[in-house]
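Engineer: This is the structure I have questions about; it appears just below.
The values are calculated or read from the model by the stated rules, or taken from the named source; none is laboratory data. Not measured: the values here are computed from a predicted model. Cβ atoms come from the backbone with ideal geometry, glycine included; neighbour counts cover every protein chain shown. Surface areas here come from the heavy atoms of the whole protein model, side chains and all, with no ligands, DNA or RNA. Shrake-Rupley method; radii C 1.70, N 1.55, O 1.52, S 1.80 Å.
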Amino acid sequence: MIKCINLNKTFNDGENKNHILKNISFEIMDGETLAISGSSGCGKSTLLHIISGLENTSSGEIFIDNVNISYLNEIELCNLRLEKIGFIYQFHHLIKELNVSENISLPLLLKKTDRGEIERKVNEIIEKVGLSERKNFQIDKLSGGERQRVAIARAIINNPKIIFADEPTGNLDSKNAKNIFSLLKDIANFNNTSLIIATHDNDLSKVLDKKIIIENGNIHYV
Ligand SMILES: Nc1ncnc2c1ncn2[C@@H]1O[C@H](COP(=O)(O)OP(=O)(O)OP(=O)(O)O)[C@@H](O)[C@H]1O
Ligand SMILES: [Mg+2]
């Protein structure tokens, strides 16, 4: 379960203070799915980064399974992310020097999973995201949508308890976008995973349990 209490985020840009998120509070239960929308620059990525511990808040508290993440040191935070969180970045952040299967296997390598198990899981996930033919490709040989699917596979391979997805279907055609949304939704249903997706796609976000919009730094339920 995730609980956010009075989150504020201000970016100091020279003399200007940009108050992006204002007193935001909400809860996401295990297995619950939430869409976050709002216009470009409203703070969707910032909110996802903050809740997942990738970025600091200016004030406010975040609890993940009753642990206040502001009290964790860097190593504890890394371990919590490795154990519980899968993050699909808006700009993928794949490792260029590694091929598709190596990128996808990274969370398992970090957890020191044995080789046979890694291979089995990577093959299973690669098939689910439709990239079996691209298994040994270098990242720079992939299309934007293929890279996005590698990033999705890497985020879900570890069966995380919470998946954050920052516009995970932004580079995909409507058929692939629908497939990816169903895949994420199925994972949430079957594994009781919480799913928080920043998306502009109203049709896709309709299938999620809840939807919030960020407007002028405040959230509204719709
Ligand atoms: N590190 C930073 N320093 C200063 N300003 C920042 C920083 N990161 C983000 N911002 C500003 O915060 C605002 C929110 O950015 P964010 O990336 O969260 O928007 P978004 O809702 O995800 O937009 P998009 O839909 O385009 O992805 C933007 O105006 C951005 O310029
Ligand atoms: Mg964004």
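Engineer: Consider only pairs whose beta carbons are under 6 Å apart and that are at least six residues apart or on different chains; among these, list those whose first residue lies in the stretch 22-41 and is at positive phi and touching a residue at least 60 places away in the same chain (Cβ under 8 Å) and whose second residue is open to solvent by 30 Å² or more (accessible area, probe 1.4 Å) and in a loop (DSSP other than H, G, I, E, B).
Structural biologist: Gly31/Asn192
Engineer: Considering the stretch 27-52 alone, what residues qualify as being away from ligand 2 (no atom under 11 Å from the Cβ), open to solvent by 10 Å² or more (accessible area, probe 1.4 Å) and under 24 Å from Leu72 (Cα atoms)?
Structural biologist: Glu27, Met29, Asp30
Table: residues versus (1) out of contact with any Phe, Trp or Tyr (no Cβ under 7 Å at 6 or more places or on another chain); (2) surrounded by fewer than 13 Cβ atoms within 10 Å (Cβ to Cβ); (3) at negative phi.
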| residue | (1), (2), (3) |
| --- | --- |
| Val129 | yes, no, yes |
| Gly145 | yes, no, yes |
| Ala151 | no, no, yes |
| Arg154 | yes, no, yes |
| His200 | yes, no, yes |
| Ser205 | yes, no, yes |
| Gly217 | yes, no, no |
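Engineer: When the residues of the stretch 53-77 are narrowed to those that are assigned to a helix (DSSP H, G or I) and open to solvent by less than 30 Å² (accessible area, probe 1.4 Å), which ends up farthest from Lys22 (Cα to Cα)?
Structural biologist: Leu77
Engineer: Next question, about the same structure. Looking only at the stretch 78-98, which residues are surrounded by fewer than 17 Cβ atoms within 10 Å (Cβ to Cβ) and not in a loop (DSSP other than H, G, I, E, B)?
Structural biologist: Cys78, Asn79, Leu82, Glu83
Engineer: Here's something else I'd like to know. For Asn66, are the conditions met, namely being more than 16 Å from ligand 2 (Cβ to nearest atom) and under 27 Å from Leu131 (Cβ atoms)?
Structural biologist: no
Engineer: Tell me the residue from Ile85, Ile104 that is out of contact with any Pro (no Cβ under 6 Å at 6 or more places or on another chain) and modelled with pLDDT of 95 or more, please.
Structural biologist: Answer to the check: Ile104.
Engineer: Check whether at least one residue in the stretch 179-191 is of a type in the set (Gly, Ala, Ser), at positive phi and either assigned to a helix (DSSP H, G or I) or within 16 Å of ligand 1 (Cβ to nearest atom) (or both), and report yes or no.
Structural biologist: no
Engineer: Any residue at all in the stretch 166-186 that's closer than 19 Å to Ser45 by Cα, surrounded by 18 or more Cβ atoms within 10 Å (Cβ to Cβ) and of a type in the set (Ser, Thr, Tyr)?
Structural biologist: Looking through the stretch 166-186, at least one residue is closer than 19 Å to Ser45 by Cα, surrounded by 18 or more Cβ atoms within 10 Å (Cβ to Cβ) and of a type in the set (Ser, Thr, Tyr).
Engineer: Just name the residue that is modelled with the lowest pLDDT out of those in the stretch 1-49 that are in a strand (DSSP E or B) and of a type in the set (Asp, Glu).
Structural biologist: Among residues in the stretch 1-49 that are in a strand (DSSP E or B) and of a type in the set (Asp, Glu), the one modelled with the lowest pLDDT is Asp13.
Engineer: Could we say that Glu15 is open to solvent by 20 Å² or more (accessible area, probe 1.4 Å), in contact with a helix residue (DSSP H, G or I) (Cβ under 9 Å, 6 or more places away or on another chain) and more than 16 Å from ligand 2 (Cβ to nearest atom) here?
Structural biologist: no
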